[in-house]
Amino acid sequence: MRRLFLILAILVIPVAVFAAMVLADRNFGRPGRGYDYVVSVDLPKADAARRLPRIEGPLDASRPLVVIDAGHGGKDPGAGTGELKEKTLTLMLAEALRDALLKQGGVRVALTRSDDTYLFLGERPSIARALGADLFISIHADSTEADSGALGATVYTLSAKGSNEAAETMAARENAADQVYGVTIEGQNGDVSAVLIDLAQRQTQARSETFAGLILREGRGAMPFKGAEPQSAAFAVLKSPDVPSVLFETGYINNSSDVARLMSPAGRLTFAQTIARAIRVFFARTATAP
Ligand code: ZN
C-alpha cells in the first residue's frame, strides 16, 4: 500500500508541479498582469524641424504663406484674470483667421501653435522664417486696469529702436550662414552683414507698416480701434529681418464690450474677414515688388 502511494507520488508530483507552473505563467506571466516592467526613456527632441507646423491651403509653394501666431499658450496664459484667458482667445481668433484665409483662397496658412502649447517668444518668428513665410501676424488681447474704459484694437509694428537692435543681433548670430532676401551673408564680416540685414529689414519694416495701415483701413467701421494710427514697439516676435510682421492687439480682455465681440462667432468672423481682406490687398500690392 505504501509502495503504491510512493509510485503514484513519483508519477503525479512532477505533473502537478508542471501544471502549476503553466497555470502560474498564464495568469501572472502575461503582459499587464503586474509582473512585467516598461522601461521608457525620454529622448531629446530630434530637431527643431520636428516642431514646424503644418502648412494648409494650396499645394502650390509659389503661393504666399501667412504664419498666424496665437499669442501665449501652455504655462503662459497671457492677460486675463477671470475665466477667459488671453491664450484661449488668441487661439480661437487665429483659427478663425486661418479659416477665413483658406476660404478666401490663394494663400497658404500655418499656425505657430494649434493647441495649448507653450512656445518661447523667439520660436514664433523662427517658425515663420523656417517655413519661408511672406507675412507674420501675432494675435494678442490687451489688458488694462479695470474701469479705465479702454476699448478697441491696436496694430503694432516693430519700433525703430527695436529694428536697430535686431539688426545687430541678427548680424552677430547669423554671420556664419544665412540668406536675407537672397543675399548670402556667409563669409561677410560683421559690419557688411549688419548693413545687408539693415537694408533687408528696412524693406521689411516698410512692408510691415503697409500691412498695419491696411488692417486699419479695412477694419475701420467694422471693428473698434483704440487709435487711428498703427503703433510701434520693440516686440520680440516682430524681429524677423525678412518677414513683414505685425502684432495685433484685438481688444481688451477685461473690457466686457470687447470680450463680448471677440467671443461671439459673428465678432470673430468680422475680425477674421477684415484681416483676410487686408492680407489679400497686401499681397496684391507687394506682388510686383522685388
Ligand atoms: Zn499678449
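For region 54-106, how many residues are at positive phi and away from the ligand (no atom under 16 Å from the Cβ)?
The total comes to 3.
Can Leu199 be described as at pLDDT below 90, more than 16 Å from the ligand (Cβ to nearest atom) and out of contact with any helix residue (DSSP H, G or I) (no Cβ under 6 Å at 6 or more places or on another chain)?
yes
Is there a residue in region 222-245 that is surrounded by 19 or more Cβ atoms within 10 Å (Cβ to Cβ), farther than 22 Å from His72 by Cα and among the small types (Gly, Ala, Ser)?
For region 222-245, residues surrounded by 19 or more Cβ atoms within 10 Å (Cβ to Cβ), farther than 22 Å from His72 by Cα and among the small types (Gly, Ala, Ser): absent.
I need the full set of residues from region 240-290 which are outside any helix (DSSP H, G or I), within 13 Å of Phe136 (Cα to Cα) and more than 16 Å from the ligand (Cβ to nearest atom), in order please.
The answer is Ser240, Pro241, Asp242, Val243, Pro244.
Going by what's in this entry, would Thr144 be described as in contact with a His (Cβ under 8 Å, 6 or more places away or on another chain), touching a residue at least 40 places away in the same chain (Cβ under 8 Å) and either more than 23 Å from Ala234 (Cβ to Cβ) or within 16 Å of the ligand (Cβ to nearest atom) (or both)?
The answer is no for Thr144.
The values are calculated or read from the model by the stated rules, or taken from the named source; none is laboratory data. These numbers were taken from a predicted model, which means no experiment stands behind them. Because the Cβ atoms are built from the backbone with ideal geometry, glycine has one as well, and the counts that use them run over all protein chains shown.
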